[in-house]
Amino acid sequence: MLAVEALETAYGPSQVLFGVSLRIGKGEVVSLLGRNGMGKTTTVRSIMGIVAPKAGSIRLLERELRGAPSYRAAQSGLGLVPEGRQIFPNLTVRENLVATAANRCASAEPWTLGKTYALFPRLAERRAHYGNQLSGGEQQMLAIGRALMTNPRLLILDEATEGLAPLVRAEIYRSIGELKAAGLSILVIDKDLKSLLRVADRHYVLEKGRVVWSGTSAELAADQALQHRYLGV
């Protein structure tokens with residue numbers, strides 16, 4: 001589905017990514033792990049075309065995206081749930097969901113308002129409320145729903161549950177599990193390792209802009225030294 005090879009990205013003279021490579025197969029949930037400042041969000045921003053990598057390759061279904069603007073990445077089938085949610089505060093829940101809705105990938109069963117409300121019943125209850133009237137958890141549900149309404153081939157969640165209460169985190173991971181069961185490919189960044197080990201198939205660990213480890217959930221769960229060294233748990 002997605003193949004990132006030898007990605008290098010810099011902000012001016014400061015290089016952040018050094019040869020990052022990762023792959024996500026169809027229907028896989030893959031996590032990108034690491035402490036703060038290790039390059040996770042820059043990797044996402046590079047994949048989405050928000051920043052321009054200076055070297056490497058980004059292929060979605062064998063279509064090269066490196067160098068393409070971010071709207072081309074979205075049109076190709078990448079759906080982003082950005083860090084900080086970034087919903088439209090002066091639009092209602094319903095308006096947020098339909099504002100960017102599209103079925104560019106010609107899905108046979110596209111995401112609709114009804115399907116999104118079924119995934120997140122709280123959004124249905126709050127459909128007439130404005131974005132700035134929602135709690136942090138509701139805003140995150142809305143950000144996920146907005147991305148799904150673009151009918152992506154691959155969903156990217158940057159800091160999926162950052163700052164959310166435990167019950168809300170559980171609700172977000174429930175939805176990720178349902179999306180995985182439906183066959184959606186997902187790349188997720190989060191610090192909730194316990195939940196990630198349960199829902200993700202594979203993991204990549206970043207340290208100072210480099211992939212220092214990759215493997216399955218079983219392998220990561222069994223390696224306490226690795227968790228302590230790179231994740232601080």
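Some points to look at:
- Checklist (1) modelled with pLDDT of 95 or more; (2) more than 21 Å from L231 (Cα to Cα); (3) assigned to a helix (DSSP H, G or I); (4) hydrophobic (A, V, I, L, M, F, W, C) applied to L167, failing item: (1)
- Look at (1) more than 12 Å from L7 (Cβ to Cβ); (2) surrounded by 17 or more Cβ atoms within 10 Å (Cβ to Cβ) and you find that S46 fails only one, number (1).
- Annotation note: of R198, R169, the sole residue that is more than 16 Å from K40 (Cβ to Cβ), of a type in the set (D, E, K, R), loosely packed, with under 15 Cβ neighbours inside 10 Å and out of contact with any helix residue (DSSP H, G or I) (no Cβ under 6 Å at 6 or more places or on another chain) is R198.
- Residue under evaluation R94, criteria (1) surrounded by fewer than 16 Cβ atoms within 10 Å (Cβ to Cβ); (2) more than 22 Å from I50 (Cβ to Cβ), criterion not met: (1)
- Search result, residues across region 126-156 that are in a helix (DSSP H, G or I) and among the small types (G, A, S): G131, G136, G137, A143, G145, A147
- Helices (runs of 4 or more DSSP H) wholly inside region 39-125 containing at least 3 residues that are closer than 18 Å to L187 by Cβ and at pLDDT 95 or above: 40-47
- Filtered residue count, region 179-222, keeping only those that are more than 26 Å from V16 (Cβ to Cβ), more than 15 Å from the chain's Cα centre (by Cα) and of a type in the set (D, E): 1
- Residues of region 99-112 that are over 18 Å from the mean Cα position of the chain (by Cα) and either crowded, with 21+ Cβ neighbours inside 10 Å or under 13 Å from N151 (Cβ atoms) (or both): A102, N103, R104, C105, A106, S107, A108, E109, P110, T112.
The values are calculated or read from the model by the stated rules, or taken from the named source; none is laboratory data. Source: prediction; values computed, not measured. Neighbour counts run over all protein chains shown; Cβ positions are idealised from the backbone, glycine included.
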